[in-house]
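Written out below as C-alpha cells is the structure these notes cover.
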Amino acid sequence: MGEKVERLKQHLYRYHDVSSAASVLGWDQEVNMPPGGAEGRAEQLATLSAIAHELFVSEETGRLLEEAEAEVEGMDYRSDEASLVRVIRRDYDKMTKVPTELVAEFSRVTSRAFVAWREARQKDDYGLFQPHLQRILDLSHRFVEILGYEEEPYDALLDFYEPGMKTSQVRTLFEELKGGLLPLLKRIQAEGAPVETEFLHRTYPVERQWDLTEVMLRKIGYDFTRGRQDKAPHPFTTEFSHGDVRITTRLYPDFPQAAIFGSIHEGGHALYEQGIPAKFARTHLGHGATLGLHESQSRLWENMVGRSRAFWRYFLPIMQAFFPKQLMEVDLDRFYRAINAVKPDLIRVEADEVTYNFHIFIRFELEQALINGELDVADVPEAWNAKYEAYLGITPPSDADGCLQDVHWSHGTIGYFPTYTIGNLISAQLFDRARKEIDGLEAGFAEGEFKPLLDWLREHVHSHGAKFTAPELMEFEFGETISAQPLVDYLTQKYGEIYRL
Ligand code: ZN
C-alpha cells in the first residue's frame, strides 16, 4: 500500500474505533439496558457520534484524502487501494456537504418523531405522528437540495442507502417484478390447493426454540467464536470488529417461525460480515457494501436456503427431536408447504416471499409521491389504505396496522425501503448462479452441507468488503446487471409447485 494511502488509513482508525464503541452502546441499549438507562445512553451516543463525525470531516482528513487520491491516480479501479480512497471520498463529500447544524436538527427531530410514532402506533392515532412526519419531510427536502440529484429528487435520498442506483432504474425493475408477481398471486388465490398451518401455532417452548436456532446457525457456518446471539424485540445484526459480529432474534411460543427465520436471516447478514477479509479491518471497506447487497445475503439464506425443501429434509428430523409432541405426525411435505404459505396480510415483516415485495412497492410509491409534492402528509393513511386494497385486496382496519407499522419514517430514513426488494432481486440472481456453478447444491443441503454455498459467496461477494456498489459487484463478478427475471422465475416455479398450479 502506498505511503499516502497508508497515512489516510491510519488517520481514520480512531474514527472507526469511536464508531464501533458507539455500536456496542447501541447493541447494549437494545439487548440489556434497563429502561432507566435511556436518557443517559442517548447523551453518550450523541457524544460519541459527534466525536466520530468531527474526526471524519476534519480538514486533516480532507488533506490526507487529496494526497492519497494523487497517489492512486491511474491505478486499477478494482484495486483495494483505489477502492478505499474512492469509498472514503464518497462518504467524505456527503458528510461535509451537510452542515453540522442540519445534522443536529435531524437528530433532534427524529428522536422526538420516534417517541411520537411509538405513542401514535400504540393509540392508533396518526394525528400524533403527522406533524413529525411533516418535519421529517421538510428536512428530507433540505437534504435533497444540499446533496443534489441528476434526474429526480428521490435519487438524492436513495443514494444514501443504495449508492450507484437511480430511482428510474429501481422503478423499472419494480414494474417488471410487479408484472410477474401479480398474476402469480391471483392464481394462488383463485386456484391454489389449500395449505394447512395449524401445527405451527401449537406451543413450542422458547428455550428449545433458542437451542434449535443455535444448531442451525452453527450448521450454516456462523462462527460463535467471533459472534454471539441474544434476544431483542426487533432482530438485527451488528459488527464491532472483524472478530465480533453479533445477531439477535425474537421468540414467541406459538410462532416458532419468528425465531427460526429471524435467526437465519440475521445469520445471513452475519455470515457476510464474518466473511469480510481481515485486511479491511478498521477501514471503510471492512463491512458489507450496500443495504441491498446486505439484504441479498440475509434473504438468500432465509428464503432460498432456509425455506427450501432440501434444507428441511435435513432439519425437520432435528426439529422433531426438539419438539416431538408438536411435530411427530407432520411429514416433510406438510411442513414445507406450511412454512411457505402465501397469505396477503397487512404487516410487512411477517409477509411471505410472494407478497413481501408488494409492501415495498407501496412504500416506494408513497415516498416518491411525498417527495415530489404529489401527496400531502395529511393524506398518507388514505393513500396507504387505497394501495393495500389495490395490490393485496385488503384494507387495514387501523393505522397502527397500516401506515404506522414501520419505524423507518420516524428515523427519518426516507429512501431506505426499496433496498429490501433490491436485496430480494439480487438474492435470486446469486442463487441462480450458485445453482449452476455448484454441483449438487441442494442435494448437499439435504445432507446438512452448506459450506459449498458459503465458500462461493465468500469468493464472489464477501471478499470484496465495501469496495463496490451493488451494480458494480454484479457487473465485475458476473457481467450481469441487476434484473427482476430470476426472482420472478424462482417464485413462479417454487409456488407453482407448492400450490399445485
Ligand atoms: Zn435484513
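The values are calculated or read from the model by the stated rules, or taken from the named source; none is laboratory data. Remember, predicted model here, so these are calculated numbers, not experimental data. Note: ideal-geometry Cβ built from the backbone for every residue, glycine included; neighbour counts use all protein chains shown. Heads up: the accessible areas ignore ligands, DNA and RNA and are worked out on the full protein's heavy atoms, side chains in. Shrake-Rupley method; radii C 1.70, N 1.55, O 1.52, S 1.80 Å.
Looking across segment 261-274 at every residue that is open to solvent by 10 Å² or more (accessible area, probe 1.4 Å) and under 24 Å from His16 (Cβ atoms), the one that is farthest from the ligand (Cβ to nearest atom) is identified as Glu273. Just one of the numbered conditions (1) within 30 Å of Val87 (Cα to Cα); (2) among the charged types (D, E, K, R); (3) in contact (Cβ under 8 Å) with a residue 12 or more places away in the chain; (4) open to solvent by 70 Å² or more (accessible area, probe 1.4 Å) is not true of Glu152; which one? Answer for Glu152: the failing condition is (4). Among the residues of segment 284-303, the ones that are surrounded by fewer than 24 Cβ atoms within 10 Å (Cβ to Cβ) and over 20 Å from Phe160 (Cβ atoms) come to 1 in all.
Here segment 236-252 is the region considered, the condition is being over 25 Å from Tyr204 (Cα atoms) and of a type in the set (Ser, Thr, Tyr), and the residue that is nearest to the ligand (Cβ to nearest atom) is Thr238.
Taking the criterion of being hydrophobic (A, V, I, L, M, F, W, C), assigned to a helix (DSSP H, G or I), within 30 Å of His141 (Cβ to Cβ) and open to solvent by less than 40 Å² (accessible area, probe 1.4 Å), the residues of segment 315-373 that qualify are Phe358, Ile360, Phe361, Ile362, Phe364, Leu366, Ala369, Leu370, Ile371. Can you tell me which condition Asn424 does not meet? The list is (1) within 16 Å of the ligand (Cβ to nearest atom); (2) modelled with pLDDT under 95; (3) under 23 Å from Leu177 (Cβ atoms), and all the others hold. Only one criterion in (1) within 16 Å of the ligand (Cβ to nearest atom); (2) modelled with pLDDT under 95; (3) under 23 Å from Leu177 (Cβ atoms) is unmet by Asn424, namely (2). Can you confirm whether segment 346-356 contains a residue that is of a type in the set (Asp, Glu), more than 30 Å from Glu198 (Cα to Cα) and within 22 Å of the chain's Cα centre (by Cα)? No: zero hits. Tallying residues that are open to solvent by 40 Å² or more (accessible area, probe 1.4 Å), part of a loop (DSSP other than H, G, I, E, B) and not hydrophobic (A, V, I, L, M, F, W, C) within segment 245-260 yields 4. Of all the criteria given as (1) within 25 Å of the chain's Cα centre (by Cα); (2) open to solvent by less than 60 Å² (accessible area, probe 1.4 Å); (3) of a type outside the set (Val, Ile, Thr), the one not satisfied by Ala104 is (1). For Arg78, the conditions (1) open to solvent by 30 Å² or more (accessible area, probe 1.4 Å); (2) part of a helix (DSSP H, G or I); (3) closer than 24 Å to His242 by Cα are fulfilled apart from (2). Does Leu217 satisfy the criteria of being within 21 Å of Arg458 (Cβ to Cβ), buried (at least 19 other Cβ atoms within 10 Å of the Cβ) and of a type outside the set (Ser, Thr, Tyr)? Here the answer is yes, as Leu217 does meet what is asked. Number of residues in segment 275-292 that are assigned to a helix (DSSP H, G or I) and either within 11 Å of the ligand (Cβ to nearest atom) or of a type in the set (Ser, Thr, Tyr) (or both): the value is 2.
Taking into account only those residues within segment 304-314 that are within 16 Å of the ligand (Cβ to nearest atom) and outside any helix (DSSP H, G or I), which is most open to solvent (accessible area, probe 1.4 Å)?
Per the stated criteria, the residue is Arg307.
Could you check how many residues of segment 197-242 are assigned to a loop (DSSP other than H, G, I, E, B) and farther than 30 Å from Val342 by Cβ?
Here is the first cut: in segment 197-242, the ones assigned to a loop (DSSP other than H, G, I, E, B) are 197, 202-205, 221-223, 227-228, 232-236, 242.
Narrowing further to those that are farther than 30 Å from Val342 by Cβ: 223, 227-228, 242.
The total comes to 4.
Only one entry of Gly164, Gly221 meets the criterion of being closer than 30 Å to Asp455 by Cβ, in contact with a Leu (Cβ under 9 Å, 6 or more places away or on another chain) and touching a residue at least 12 places away in the same chain (Cβ under 8 Å), and that entry is Gly221.
Can you pull out every residue in segment 184-214 that is of a type outside the set (D, E, K, R) and loosely packed, with under 11 Cβ neighbours inside 10 Å? Ala190, Ala193, Pro194, listed by residue number.
Among His408, His359, which is within 16 Å of the ligand (Cβ to nearest atom) and more than 26 Å from Gly180 (Cα to Cα)? Criteria check complete, one pass: His408.
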